[in-house]
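Quick notes on the structure that follows.
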Amino acid sequence: MALQRPQGTLRCWLQNDYGWIALDGFPPRVQDLFVHLTAFEQAGLEPKVGARLSFDVGPSLPSKDKPMKPRICAINLTPFMG
């Protein structure tokens, strides 16, 4: 039996190239997950507040333009309908 990937909704997007995904099954803002622009770029997606996403959880992806501190975040994004 395969494990299901987490799903959520892009709750907030800031002009600083990052935002937060509200995870399904948790009260609002209790368990938001950081997401960086590089995750959207690698998936060929544009960040849009309200977008439903499926993703993996892992370390932040490095950006050639802006180094950032490692943190746990959403990676390997795919659109999710459901």
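The values are calculated or read from the model by the stated rules, or taken from the named source; none is laboratory data. Just so it is clear, the structure is predicted and the values come from calculations on it, not from any experiment. A quick note on method: Cβ atoms are made from the backbone with ideal geometry, for glycine too, and the neighbour counts reach across all protein chains shown.
A few comments on the model shown:
- Test: LEU61 is modelled with pLDDT of 90 or more and either of a type outside the set (Gly, Ala, Ser) or more than 18 Å from PRO6 (Cβ to Cβ) (or both): no
- Whichever residue in the range 27-38 is within 16 Å of PRO6 (Cα to Cα) and touching a Pro at 6+ places or on another chain (Cβ under 9 Å) and, among such residues, is surrounded by the fewest Cβ atoms within 10 Å (Cβ to Cβ): LEU33
- Residues (at pLDDT below 90 and within 18 Å of ARG11 (Cα to Cα)) located in the range 39-58: VAL57
- Residue tally, condition more than 11 Å from the chain's Cα centre (by Cα) and not in a strand (DSSP E or B), over the range 3-42: 16
- Scope the range 1-60; condition acidic (Asp, Glu) and in contact (Cβ under 8 Å) with a residue 24 or more places away in the chain; matching residues: ASP17, ASP56
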